[in-house]
1. Filter segment 380-415 for residues that are closer than 15 Å to H271 by Cβ and within 16 Å of the ligand (Cβ to nearest atom) and give the result.
2. In the list L364, L312, which residue meets the criterion of being among the hydrophobic types (A, V, I, L, M, F, W, C) and within 16 Å of the ligand (Cβ to nearest atom)?
3. Within segment 93-134, track down each residue that is within 15 Å of the chain's Cα centre (by Cα) and in a helix (DSSP H, G or I).
4. Just one of the numbered conditions (1) crowded, with 21+ Cβ neighbours inside 10 Å; (2) of a type in the set (G, A, S); (3) in a helix (DSSP H, G or I) is not true of A380; which one?
5. Checking L333 against (1) among the aliphatic types (A, V, I, L, M); (2) in contact with a helix residue (DSSP H, G or I) (Cβ under 8 Å, 6 or more places away or on another chain); (3) in a loop (DSSP other than H, G, I, E, B): exactly one of these is not met. Which one?
6. Taking the conditions exactly as written (outside any helix (DSSP H, G or I), farther than 15 Å from R269 by Cβ, away from the ligand (no atom under 16 Å from the Cβ) and among the β-branched types (V, I, T)), does I371 satisfy them or not?
7. For L255, are the conditions met, namely being out of contact with any Gly (no Cβ under 6 Å at 6 or more places or on another chain) and either under 22 Å from K384 (Cβ atoms) or within 16 Å of the ligand (Cβ to nearest atom) (or both)?
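The values are calculated or read from the model by the stated rules, or taken from the named source; none is laboratory data. It should be emphasised that the depicted structure is a prediction, and the values quoted were computed from it without experimental measurement. Cβ atoms come from the backbone with ideal geometry, glycine included; neighbour counts cover every protein chain shown.
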Amino acid sequence: MKKIMSFVLICILLCTMTCYASARTFHDVSSSDPFYKAVSKLSDIGVIAGKGDGNFNPYDATTRAEFCAFLSRANGYKDNTVSGSVPFKDVPTTYWAVNTIYFCYSKGYISGMGDGTFEPARQITYEEAVKMVVSAAGVGGTSLINAGPYWYSGYIDRADEKGFLNGFTVKIGQPIPRGHVAQIIYNAMEKGYFDSNGTIPTTPPVTATPTSTPTPTSTPTVKPERPASSDGKRIVIDAGHNYQTVDTGAVGNGLKEQDITWEIADKLRVHLQRNGFEVIMTRPKKTDSLGTTVRESLQERVDIANRNNADLFLSIHCNSGGGTGTETYCYQLGGNGEKLAKLVQEMIIEETGLTNRGVKTDNLFVIKNTIMPAILVETAFIDKESDAQLLASQAGQEKLAAAIAKAVCKFKGISYR
Ligand SMILES: [Zn+2]
């Protein structure tokens, strides 16, 4: 009996040792790395893999297609068991990841870029990864896009609430490194949200509660735009984002959005003042920051415009997240906001030759809550090299500023000088 017990004990011990030894270890992921557990567990169960040379490259970016592959496997997809085609023109049936992209698409985890493409080879950003994970976990539908102030805000709040962001910080507009990809997928699996044939859960699986349909915000269908007085020449220029702390902008090509928006805004100020406008800046100095939360930062910009009875509100931004060119937002069509947006859009394209992405409407906080005609200009993409070159140069900033000033003059019916 004693002998049998010893034998059993040795077996258990051996098994434990073998199992432990089979845990994947990578030269470049040490047990002191915060994502160590996530990387080793996910590679053990085949959700993610190393680079074949014993490295995991935890600080490398991931493409959108690769992320789909990880997400699919984490949700029970086995290679070559699912196939289908997707309605994205840049994902042909011969594309290497077409089946995992199909899997994610058919399950509603992804929806593409809205223009018939999926951009599979582009590096996935933190916020895009968060949106996919939240969708795959079944804890948030597309209505979260409207939660504001940004399209990703609702997804990030939801992911945070569910513990998916434990162990790392979300950096908006930046590619999410592989270590954090492992962490976010691991967090969702570990909390029982993924349909993964249950290999990971260490905490009891949580039944995915159907998300409550967000109560529709009492958005007036028509923005209470106060009538623009014909001689009203008071303009609030909002250099988008803060110099530091909260509500800092996107980054790309060595540039920070908040610096570029201020440079353009300040040049725009000079042009408008020369043309007889009274200008109020939301950030008079480049190093100014507003509020202690994103919401406060946006609210203060709105308050400055409303409190001062401004006649126009111009918010300057740079875009990011894959794309190129200019787009201008107004809150709704049919009003002076749209009229101004069209003129600004037209003039920027004419002056800079940037790609015309058109005039768009969106529920953006600052253009929704200001009570005068308001627009938000996404001048160009900070993470697109050619756009960034224009954004970074004095000449490029000058062209953008002059174009906006010319459009404002045209809107006001005065000749630009
Ligand atoms: Zn911005």
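1. Correct list: Q397, L400, I404.
2. Values: L312 fails: within 16 Å of the ligand (Cβ to nearest atom).
After applying the criteria, what remains is L364.
3. Selection gives Y126, E127, E128, A129, V130, K131, M132, V133, V134.
4. (3)
5. (2)
6. Against the criterion (outside any helix (DSSP H, G or I), farther than 15 Å from R269 by Cβ, away from the ligand (no atom under 16 Å from the Cβ) and among the β-branched types (V, I, T)), I371 qualifies.
7. Yes; evaluated as a whole, the condition is true for this residue.
For every residue, the table says whether it meets (1) among the small types (G, A, S); (2) in contact with an Asp or Glu (Cβ under 8 Å, 6 or more places away or on another chain); (3) at pLDDT below 80.
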{"site": "M132", "(1), (2), (3)": "no, no, no"}
{"site": "S153", "(1), (2), (3)": "yes, no, no"}
{"site": "G167", "(1), (2), (3)": "yes, no, no"}
{"site": "E190", "(1), (2), (3)": "no, no, no"}
{"site": "Y193", "(1), (2), (3)": "no, no, no"}
{"site": "P201", "(1), (2), (3)": "no, yes, yes"}
